[in-house]
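Visitor: Before I ask anything, here is the structure I am working with.
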Amino acid sequence: MYVFLFLFLVLQSGLKENFADVQVSVVDCPDLTQDPFRFPVKGICGKPRITDVGGVPYLIPMPKQDKIYNMNAVAKEIELPGAFILGAGAVSSRTLGMNAELMPVVQTEGEGKPTVNGSYYSTINPADGTCLQEKYSEKYSDCDFGLLANLYACEGKPGKVIEVRANRRTGQSSLVTSMRKTLEKQYSDKSVGMGGTFVIQKGKAKIHIMPPEFSACPLLTDEDVNKWLKHFEVRAPLICQPVLVSRDPGLDLRVEHTHCFSHHGEGGHYYIDTTPDSVEYLGYFLPAEFLYRIDRPEDTHVVGRE
């Protein structure tokens, strides 16, 4: 509890530099099986940990489509079989036959209980070029993903969490970036990781979705990547799944990565809200006890990590 109390004071102070109205507190995690979350578990507590799987170098400059992972296998690798997993990643192109954004919401198998896959994925609607979000389990039965993912894992139990309410953005950073930079400033001599979920209750946000076809040409710069990605403005309510680390301790981490989904058919990779004067955030977070690095790329770069 002492760690919680100190963290919430740190975040309260730091977020005030980026939002007009901020309230950070320690509360009981709400029942996440209810709206708007509809998760398969009630909470995000119990042995919290984060993991960075694969990486952007497996997508850029050219995709390594043989890089396929499985949520159940990841749960075992992070020493938490049966874990509830949230986060941001890419689909397995072997399963879908295309590229797409993945919003993992998975209760992995363990103790005789089967997997419950509540994930979503987003791609480009071929009919009109709009965002097309679908429920993963309505078309696919596996728990695979490809190329990369940043994941928050826990036992899915109720418990105490850090609640963040932030309204009316006054700075240039997103909620996630603001939290990460606050932790980076406070903990300059260590890495602090967090994960959880937050809702954009009012306003709109900028997202991207990777095209269903991988780029035929190497993506060598951030400009190349941005031209390849498809950008959208999407509306609240949006349920977001952040994983962040205050700084990379030398493991070639993606220090923040957030995907979002909705119940009105929009979702993808979250950047920032586009309605700073009216945006309202409500989130629940926990600091991670452990960080795991899985299948770190040998050849790396910093392109495409926004």
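Visitor: If I filter the range 14-34 for residues that are surrounded by 15 or more Cβ atoms within 10 Å (Cβ to Cβ) and part of a helix (DSSP H, G or I), do I get at least one hit?
Guide: yes
Visitor: Another question, if that's okay. Condition (residue is of a type in the set (Asp, Glu), in a loop (DSSP other than H, G, I, E, B) and closer than 26 Å to Arg94 by Cβ) applied to the range 273-288: is it met by at least one residue?
Guide: no
Visitor: Moving on to the next point. Residues that are among the hydroxyl-bearing types (Ser, Thr, Tyr): list the strands (runs of 3 or more DSSP E) wholly contained in the range 75-156 that include at least 2 such residues.
Guide: The strands (runs of 3 or more DSSP E) meeting that bar are 120-124.
Visitor: Here are some conditions: (1) without any contact (Cβ under 8 Å) to a residue 24 or more places away in the chain; (2) on the phi > 0 side of the Ramachandran plot. Gly159 meets all but one. Which one does it not meet?
Guide: (1)
Visitor: Next question, about the same structure. Being in contact with a Phe, Trp or Tyr (Cβ under 8 Å, 6 or more places away or on another chain) and surrounded by fewer than 24 Cβ atoms within 10 Å (Cβ to Cβ) is the filter here, so list the residues in the range 63-73 that pass it.
Guide: Result: Pro63, Lys64, Gln65, Lys67, Ile68, Tyr69, Asn70.
Visitor: Report the residue count in the range 235-262 for those that are buried (at least 17 other Cβ atoms within 10 Å of the Cβ), outside any strand (DSSP E or B) and free of Cβ contacts under 8 Å to residues at least 60 places away in the same chain.
Guide: 1
Visitor: Mind checking whether some residue in the range 37-47 is at negative phi, buried (at least 16 other Cβ atoms within 10 Å of the Cβ) and touching a helix residue (DSSP H, G or I) at 6+ places or on another chain (Cβ under 9 Å)?
Guide: no
Visitor: Run down Lys135, Lys76 and say which single residue is out of contact with any helix residue (DSSP H, G or I) (no Cβ under 7 Å at 6 or more places or on another chain), surrounded by fewer than 17 Cβ atoms within 10 Å (Cβ to Cβ) and under 23 Å from Cys260 (Cβ atoms).
Guide: Of the residues listed, the single one that is out of contact with any helix residue (DSSP H, G or I) (no Cβ under 7 Å at 6 or more places or on another chain), surrounded by fewer than 17 Cβ atoms within 10 Å (Cβ to Cβ) and under 23 Å from Cys260 (Cβ atoms) is Lys135.
Visitor: For the range 95-113, does any single residue satisfy the condition of being hydrophobic (A, V, I, L, M, F, W, C), surrounded by fewer than 18 Cβ atoms within 10 Å (Cβ to Cβ), touching a residue at least 12 places away in the same chain (Cβ under 8 Å) and touching a helix residue (DSSP H, G or I) at 6+ places or on another chain (Cβ under 8 Å)?
Guide: Within the range 95-113 (the criterion being hydrophobic (A, V, I, L, M, F, W, C), surrounded by fewer than 18 Cβ atoms within 10 Å (Cβ to Cβ), touching a residue at least 12 places away in the same chain (Cβ under 8 Å) and touching a helix residue (DSSP H, G or I) at 6+ places or on another chain (Cβ under 8 Å)), the answer is no, since none of the residues qualifies.
Visitor: A further question on this structure: Does Phe232 fit the bill of being under 23 Å from Asp31 (Cα atoms), among the hydrophobic types (A, V, I, L, M, F, W, C), touching a residue at least 40 places away in the same chain (Cβ under 8 Å) and crowded, with 16+ Cβ neighbours inside 10 Å?
Guide: no
Read-outs: derived from the displayed coordinates by stated rules, not from any lab. Source: prediction; values computed, not measured. Neighbour counts run over all protein chains shown; Cβ positions are idealised from the backbone, glycine included.
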